[in-house]
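Right, one structure below, let's go through it.
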Amino acid sequence: MKRIAVLTSGGDAPGMNAAIRAVVRKAIYHNCEVLGVHRGFAGIINGDFRVLTSKDVGDILHRGGTILQSARCPEFRTYEGQKIAAEQLRQHGIEGLVVIGGDGSFRGAQVLNKMGFLTVGIPGSIDNDIGCTDYSIGFDTAVNTAIDAINKIRDTASSHDRVYVVEVMGRNAGFLALAAGIAGGAEAILIPELKQDLNEVARRIAEGINKGKTHSIIVVAEGYFGDPVVGGPELSESSAATIGKIIQQVTKKDTRITILGHIQRGGSPTALDRMIATLSGAKAVELLLNGESQKMVGYVDGKIMVFSMDESIAMQKTIDREMLELANILAVI
Ligand code: ADP
Ligand code: F6P
């Protein structure tokens, strides 16, 4: 194989640049040229490619975001869009692609594979909801960003005897909330996968306060109440705001909310994210050069492992309920 392409797609994640760097330098080492695709699948449709040299990917290992930019591309979901994309890839002599993104992006890669191109996926998403991997690129950084914020919130919460509801990202998945809640010592963790009786949660918070807690932190995933309905009341209020009102009503404690938002998507990647991204990028190139396709590179039990992309897409990653229960046990004083 003489020419491959790399793209980042879906929500960006810290560490994507480290993966791009590894893809480019590993491929060049094997005398294979790499084209960077600008803005995910939209870039393929628009023929927005540029050759990436070893120098082009210098000084990006430690940077958040993605030098290739990312996008969501509804046109690529249509047959027309896919036909144009395939034509562009053919015209540019691209035989294989490394797709860095979430399971939506993997579905896009699946389509290209069916159209005759070799594809390998690297999981990149702060949500960490991708099947066949313990970690997706960006998750560790996002957890650390959330922890840093929770530590600061705890300081001021203690000074004022307040309850804080901290909303972290996760439209459909609670992995980030669970990890941030556990590592941040939250009194309660609310995730989309498990609805809890909020009056009961408030009662537990009140009990802790009565026993002398000077602060209480509730970590909630943004998607706790499910997808917002267009025109529905959910659009006007965040999960954190709704929960904050209930908690204040029951506990009669001064309650504040903090929505961490997109700061969780940026920032310099942690060492773990850089490591996983680098090893995955190199492995993806190795797979393509060996003529393999429809594979994804996972990180399982501390090792880089290869799975079929179909298996990864089909797998519904589940939350560790025991971890959630443990968080509740440890919150009691
Ligand atoms: P993520 O990769 O983070 O899950 P999305 O679900 O938004 O993000 O998917 C990213 C992009 O992948 C979409 O904008 C679209 O271009 C492409 N994509 C997603 N699902 C499909 C699909 N079923 N068929 C073709 N392309 C898809
Ligand atoms: O990257 C994943 C994620 O952060 C989700 O948790 C969140 O709901 C979504 O992306 C928001 O992305 P955007 O604001 O780019 O639409």
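The values are calculated or read from the model by the stated rules, or taken from the named source; none is laboratory data. These numbers were taken from a predicted model, which means no experiment stands behind them. Positions of Cβ are backbone-derived with ideal geometry, glycine not excepted, and every protein chain shown enters the neighbour counts. SASA here: full protein model, heavy atoms, side chains in, ligands and nucleic acids out. Shrake-Rupley method; radii C 1.70, N 1.55, O 1.52, S 1.80 Å.
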Could you work out how much longer the chain between Gln91 and Thr318 gets when fully extended? Use 0.36 nm per residue separation minus the Cα distance between them, nm to one decimal.
77.6 nm
I need the phi-derived Karplus couplings for the stretch 40-55: 6.51 cos²θ - 1.76 cosθ + 1.60, θ = phi - 60°, integer Hz, Gly and Pro marked x.
x, 5, 4, x, 5, 4, 7, x, 8, 10, 8, 5, 9, 8, 4, 5
For the stretch 140-265, what does the accessible surface come to per residue with a 1.4 Å probe? Please give it in Å².
44
With contacts defined as alpha carbon pairs under 8 Å and 6 or more residues apart, what's the relative contact order of the chain in percent?
23
Note down the nm distance, to one decimal, between modelled labels 7 Å out along Cα→Cβ at Lys253 and at Arg203.
1.7
May I ask you to derive the FRET efficiency for Asp310 and Asp59 from their Cβ-Cβ distance with R0 = 45 Å, giving the value to the nearest 0.05?
0.75
Given a Förster radius of 25 Å and the C-beta distance between Lys152 and Asn172 as r, what FRET efficiency does 1/(1 + (r/R0)^6) yield to the nearest 0.05?
0.35
Assuming R0 = 25 Å, what is the FRET efficiency of Ile246 and Leu330, from their Cβ-Cβ distance, to the nearest 0.05?
0.65
For the table Lys195/Lys245; Lys83/Lys317; Lys252/Lys317; Lys211/Lys317; Lys283/Lys317; Lys152/Lys253, the rows whose alpha-carbon distance is greater than 28 Å are Lys83/Lys317; Lys252/Lys317; Lys211/Lys317
Average Cα contact separation per residue, the stretch 140-265, under 8 Å, 6 or more apart, as relative contact order %:
38
Cα-projected label distance for Asp301 with Asn31, points at 7 Å along beta-carbon direction, nm
3.8
How large is ³J(HN,Hα), in whole Hz, for each residue of the stretch 188-200 in order, when computed from phi with the Karplus curve 6.51 cos²θ - 1.76 cosθ + 1.60 and θ = phi - 60°, using x for Gly and Pro?
8, 10, 10, 10, x, 6, 9, 6, 10, 6, 5, 5, 5
DSSP beta bridges in the stretch 140-265: the antiparallel percent, rounded to 5, is 5
Relative contact order of the stretch 1-155, defined on C-alpha pairs under 8 angstrom at six or more residues apart (%)
27
With a 10 Å radius around each residue's Cβ, average the other Cβ atoms per peptide and rank 242-248, 16-22, highest first.
16-22, 242-248
Rounded to the nearest 10, the angle in degrees between the Cα long axis of helix 239-251 and the longest principal axis of the Cα atoms of the chain comes to 10
Carbon and sulfur atoms account, in whole percent of the 1.4 Å probe accessible area of the stretch 140-265, for 52
